[in-house]
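Chemist: Let me begin by handing over the structure; questions about it come next.
The values are calculated or read from the model by the stated rules, or taken from the named source; none is laboratory data. None of these values were measured; they are calculated from a predicted model. Positions of Cβ are backbone-derived with ideal geometry, glycine not excepted, and every protein chain shown enters the neighbour counts. Heavy atoms of the whole protein, side chains included, go into the accessibility calculation; ligands, DNA and RNA do not. Shrake-Rupley method; radii C 1.70, N 1.55, O 1.52, S 1.80 Å.
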Amino acid sequence: MRIAIIGQQDFGKAVLEAFLARKDEVAGVFCAPEKPGAKADPVRAAAQERGLKVFQFKSLREPQAHEALTGLKVDLGIMAYVLQFAPDSLVRIPRLGTIQYHPSLLPKYRGPSSINWPIIRGDARTGLTIFRPTEGLDEGPIVLQKECDIGPDETIGDVYFNKLFPMGVAAILEAADLVFSGKHREIVQDESRASYEGWCRDAEARIHWAHHVDFIYNVIRGCNPAPGAWTTLNGRKLQIFDARKHLFRRYADVKGKTGEVSDVTEASFKVTAQGGMIEVLRARGEEGKKVSGGEFARAAGVTAGAVLGT
């Protein structure tokens, strides 16, 4: 089939390479312009290395973007990790329209941080959707879905790179074949089951030690490696990445008050929360790099009795 790819970053590159590997014809690649001084987007670099046409428009609403896609005369448009808004007038240009990847089981978790939120909420399953993009964000008809589990200790990095990334590349190829052969079905999303969440950024990643240890642990997992869950120590930001959860079984297990460091070891330090403790295995201070929890504690002078969140 003859396709155009609209995408960014490593996922867009992987999708591009997957179509090329099976000898599909990539007529052109659209990706967002890089910020001044930034490295070349991986999908742009990969496309240019192979001598493909590359288009970078500040907005996909521009008439020039429509003219460029029209001129390519493609069968299908493929949207693979796209942060730019693509209007209906653009996605309908290919002969068979356009399909898009979204890393959640739509209609649940519409929005830009759809991998973070299921983990933060403690969900045990998630997945991906290949759908028809429309003017509504992540609201178009579903072409294909794949599910996967979320392990109780898995982070957003684990779920994305080990599951949703490779599954997503394969699913886009499968969906493209179904559409190209006319064997696909399009299922309208059930609005009664829909949910939308915005970005999971710094404000959402803040740890509140008075919350239950289960919720705190899920926030840490759902923000590791990005945006990075955080708290404060003596008014300075402290990010927490790898961690372990310990539940209190009886009152005698409780050590200290919420937010208080209860123990420091060679490899980690433990912080009390409601219902248990968070053992910090990897952390980063405001001006440092990621180090083990124990190394951070020694460098920062953290001892039992220190209080976080202040």
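Chemist: Counting only heavy atoms of protein chains, what accessible area per residue, in Å², does the chain have with a probe of 1.4 Å?
Modeler: 47 Å²
Chemist: I'd like the accessible area for Tyr101, computed on protein heavy atoms only with a 1.4 Å probe and all protein chains in place. Round to 10 Å², please.
Modeler: Surface accessible to solvent at Tyr101 totals approximately 20 Å².
Chemist: Let me ask something else about it. HN-Hα J couplings of the stretch 270-287 from phi, Karplus 6.51/-1.76/1.60, θ = phi - 60°, integer Hz, Gly and Pro as x?
Modeler: Running phi through 6.51 cos²θ - 1.76 cosθ + 1.60 with θ = phi - 60° gives 10, 10, 7, 9, 5, x, x, 10, 9, 8, 8, 9, 8, 8, 8, x, 4, 10 Hz.
Chemist: Then there is this: Multiply the residue separation of Glu174 and Arg121 by 0.36 nm, subtract the distance between their alpha-carbon atoms, and state the gained length in nm to one decimal. Display every interim value, and only then the final one.
Modeler: Working: separation 53, 0.36 × 53 = 19.08 nm, distance 3.01 nm.
Computed gain between Glu174 and Arg121 is 16.1 nm.
Chemist: Across the Cα atoms of the stretch 195-309, what radius of gyration and what greatest pairwise Cα-Cα distance (Dmax) are found, in Å?
Modeler: So, for the stretch 195-309, Rg and Dmax equal 13.4, 44 Å respectively.
Chemist: What's the longest uninterrupted piece of the chain once you rule out the GluC sites (Glu not before Pro) that are loop residues per DSSP with at most 10 other Cβ within 10 Å?
Modeler: 1-265
Chemist: Shifting gears a bit: Over 22 Å between C-alpha atoms is what I'm after, so list which of Lys23/Lys73; Lys13/Lys108; Lys35/Lys146 land there.
Modeler: Lys13/Lys108; Lys35/Lys146
Chemist: Out of the total accessible area of the chain (probe 1.4 Å, heavy atoms of protein only), what percent is carbon and sulfur?
Modeler: 50 percent
Chemist: Could you calculate the contour length gain from Arg201 to Ile187, that is, 0.36 nm times the residue separation minus the distance between their Cα atoms, to one decimal place in nm?
Modeler: 1.9 nm
Chemist: Post the alpha-carbon centroid distance, the stretch 73-118 to the stretch 250-274, in whole angstrom.
Modeler: 45 Å
Chemist: Considering amide H positions built from the backbone, and no H for Pro or chain starts, which residues 5 or more places from Phe55, or on another chain, come under 5 Å of its amide H?
Modeler: Val29, Phe30, Cys31
Chemist: Please report the equivalent ellipsoid semi-axes of the stretch 1-91, computed as sqrt(5 x eigenvalue) of the Cα gyration tensor, largest first, in whole Å. Write out the running numbers ahead of the final one.
Modeler: Working: eigenvalues 63, 60, 24 Å².
Rounded to whole Å, the semi-axes are 18, 17, 11.
Chemist: Based on Cβ point charges of +1 for Lys and Arg and -1 for Asp and Glu, what charge dipole magnitude is obtained for the chain about its Cα centre, in debye rounded to the nearest 20?
Modeler: For this selection, approximately 280 debye.
Chemist: Roughly how many nanometres apart are two label points built 7 Å out from the Cα toward the Cβ at Arg236 and Asn162?
Modeler: 3.4 nm
Chemist: On a 19 Å Cα-Cα criterion, which of the cross-link pairs Lys245/Lys289; Lys257/Lys290; Lys245/Lys270 come out too long?
Modeler: Violating the 19 Å limit, Cα to Cα: Lys245/Lys289; Lys257/Lys290.
Chemist: Modelled label-to-label distance, Lys39 and Asp263, 7 Å Cα→beta-carbon offset: nm?
Modeler: The modelled label-to-label distance comes out at 4.0 nm.
Chemist: Also, I was wondering about something else. If a paramagnetic tag sat 7 Å from the Cα of Lys255 along the Cα-Cβ line, which residues of the stretch 186-225 would have the backbone N under 19 Å from that point?
Modeler: 209-210, 213-214, 217
Chemist: Just how much of Trp117 is accessible, in Å², when a 1.4 Å probe is used and the result is rounded to the nearest 10?
Modeler: The value for Trp117 is about 50 Å².
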